[in-house]
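What follows is a set of notes on a single structure, which appears directly below.
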Amino acid sequence: MALYVKAAEVLEKAERKQGALKTLVYDSKFKNIKQLFALVCETQRFSSVLLDIIESTKLLKQTKLKLHLAQVLVYDLLMGQGLKCGGSFKTTMMKHRPRLQAELARMKVKRKVSRNEDLLPAEAQLPSGEQLPRYVRVNTLKTTVEDVVDYLKRDGYTYQGQASRLDDLTLKEKSFVKDLLLPELLVFSSKTDFHDHFLYKAGHIILQDKASCLPAYLLKPPSGSHVIDACAAPGNKTSHLAAIMKNKGKLFAFDLDAKRLATMSTLLLRAGVTCQQLAHQDFLKVNPDSPQYKDVEYVLLDPSCSGSGMVCLQDRSSADQTRLASLAAFQLRCLNHAVRFPRLKRLVYSTCSIHSQENEEVITAFLQQNSSFRLVPLLPQWPERGLAPLSQCLRASTSKTRTHGFFVALLEKHSEALSSTLQLADQIRSTPFYLSKKTVALEASDPEDPQTPNTEDAPSGKRKRPKRKKKKME
Ligand SMILES: C[S@@+](CC[C@H](N)C(=O)[O-])C[C@H]1O[C@@H](n2cnc3c(N)ncnc32)[C@H](O)[C@@H]1O
């Protein structure tokens, strides 16, 4: 019941322009932020249809429900996962269900469509095939991929092995696969809901979009290392980092927002993370010269952004340029602050934004100001690259990678250049799933092929000059 009351509150506040949807959801103090966010987004997307149904069936008059509460309940009853409550809400809604269903069916007949999606105005429709799969990251601090697969098979799910093409990620009902790239990621149909599942409640699985798994996966801090997660809450990437570090080493996580940090504490506890040190602190005010950070070699920076890549927030109109400029300035300040940690080797930067102002432009400005850092060419098999000339970076989208819109760049100090070359070689050696084996063999063997990310590329995309012969020592 609490879910619906909170969702209604958020929608009402959003309508009164008391804050952005995402912020209102995080500020709601609801324990399952993702579940609330998904419900609120979808209810808002279907609001025109829901209003029609509520109006035609005179639901408010007959039930005394308030409008926003009625909207979320009707959404979940007719279009979502089915009502996830008991008590008076359920009794009321079940009583009116036949009339509500009949009204929805009548609307479809009248508009000559068969899917709920087709009832929406064009700008609110997700292009067909753009329903995102449900991604599940196995929390290796608590279990193994094999154990989770076995558990789910016994629970009635059908395991189809490892995906080998992007199309394999379009799944039906209770089928699931292992992801084609990320070893700890399982993929299910978009309708699958694990929020009430034992594995989720016990912290054995984390519900995390595939693109959002990239930053920690690419940063790959070794077990025992010292790492900073600069803007960490609600902490999915922090728990991923801890899993990669096998809970060994030190993981300093900062966030400005106390409420989001509280959510994060619960999430990390459930996930069995023990190597973290959480701080309610502005990252820009953390002193890089403090002795406690002297061994920090890795930073994950996932700062506040426009969120324009989140499917349900996708703003198909043009973006507010003033807001983008102010976000980009903040993002650049965070990057510049991160590189002040004296022993920093690698820094991963990510946003869930589709705007180049927050992505390639921030990285370009950073590289202009920090000549000792360079971009590491990432995952040659990943199908969507940073906008030219930053093809070393990755982008993600519903159409090309079946994820939310995302951007990720990995920066390293020049002295680390050799290790990045080795990493690229590793990536090429690992099975290149997105491309046919033949294509990859050609690309790997042909350094002149323009599609092959070149480890020698300078940030501007220009080739480095050949090294001059060293002068003989006197
Ligand atoms: C995109 S979210 C981070 C999501 C997180 N990395 C995850 O995977 O769960 C950005 C976060 O940055 C925090 N933030 C914004 N400005 C900050 C600052 N100056 N210092 C620390 N955290 C900040 C926000 O409160 C927000 O929680």
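The values are calculated or read from the model by the stated rules, or taken from the named source; none is laboratory data. Computed from a predicted structure; not experimentally measured. Cβ: placed from backbone, ideal geometry, glycine included. Neighbour counts: every protein chain shown.
ARG346 satisfies every condition listed in (1) at pLDDT 95 or above; (2) under 21 Å from ASN236 (Cα atoms); (3) within 16 Å of the ligand (Cβ to nearest atom) except (3).
Here GLY19 meets each of (1) of a type in the set (Gly, Ala, Ser); (2) under 30 Å from MET264 (Cα atoms); (3) at pLDDT 90 or above with one exception, condition (3). Among the criteria (1) over 23 Å from the mean Cα position of the chain (by Cα); (2) surrounded by fewer than 22 Cβ atoms within 10 Å (Cβ to Cβ); (3) at pLDDT 95 or above, the one SER391 does not fulfil is (1).
Results for (1) surrounded by 20 or more Cβ atoms within 10 Å (Cβ to Cβ); (2) within 11 Å of the ligand (Cβ to nearest atom); (3) not in a strand (DSSP E or B), shown as yes or no for each residue.
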{"position": "LYS237", "(1), (2), (3)": "yes, yes, yes"}
{"position": "ALA242", "(1), (2), (3)": "yes, no, yes"}
{"position": "LYS248", "(1), (2), (3)": "no, no, yes"}
{"position": "LEU251", "(1), (2), (3)": "yes, no, no"}
{"position": "PHE254", "(1), (2), (3)": "yes, yes, no"}
{"position": "LEU261", "(1), (2), (3)": "yes, yes, yes"}
{"position": "MET264", "(1), (2), (3)": "yes, yes, yes"}
{"position": "LEU268", "(1), (2), (3)": "yes, yes, yes"}
{"position": "THR274", "(1), (2), (3)": "no, no, yes"}
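Keeping to segment 183-193, report how many residues are farther than 14 Å from ARG402 by Cα and either in the same structural domain as GLU42 (by TED's automatic domain parsing) or in contact (Cβ under 8 Å) with a residue 40 or more places away in the chain (or both). Adding up the residues that qualify gives 4. Identification of helices (runs of 4 or more DSSP H) wholly contained in segment 1-89 with 3 or more residues that are within 16 Å of the ligand (Cβ to nearest atom) and either in contact (Cβ under 8 Å) with a residue 60 or more places away in the chain or surrounded by 21 or more Cβ atoms within 10 Å (Cβ to Cβ) (or both) yields 21-27, 33-45. Identify the single condition in (1) under 29 Å from LEU411 (Cβ atoms); (2) surrounded by fewer than 20 Cβ atoms within 10 Å (Cβ to Cβ); (3) charged (D, E, K, R) that GLU173 does not satisfy, given that it satisfies every other one. Against the list (1) under 29 Å from LEU411 (Cβ atoms); (2) surrounded by fewer than 20 Cβ atoms within 10 Å (Cβ to Cβ); (3) charged (D, E, K, R), GLU173 comes up short only on (1).
Within segment 293-305, being outside any helix (DSSP H, G or I) and more than 8 Å from the ligand (Cβ to nearest atom) holds for LYS294, ASP295, VAL296, GLU297, TYR298, VAL299, LEU301. Inside segment 293-307, residues that are modelled with pLDDT under 95 and surrounded by fewer than 19 Cβ atoms within 10 Å (Cβ to Cβ) make up a count of 1. Scanning segment 194-235 for residues that are small (Gly, Ala, Ser), more than 16 Å from the ligand (Cβ to nearest atom) and in contact (Cβ under 8 Å) with a residue 60 or more places away in the chain yields ALA202, SER225. Being among the aliphatic types (A, V, I, L, M), in contact with a helix residue (DSSP H, G or I) (Cβ under 9 Å, 6 or more places away or on another chain), within 16 Å of the ligand (Cβ to nearest atom) and over 23 Å from LEU284 (Cα atoms) is not true of ALA409.
Restricting segment 282-292 to residues that are in a helix (DSSP H, G or I) and within 15 Å of the ligand (Cβ to nearest atom), the residue that is surrounded by the fewest Cβ atoms within 10 Å (Cβ to Cβ) is LYS285.
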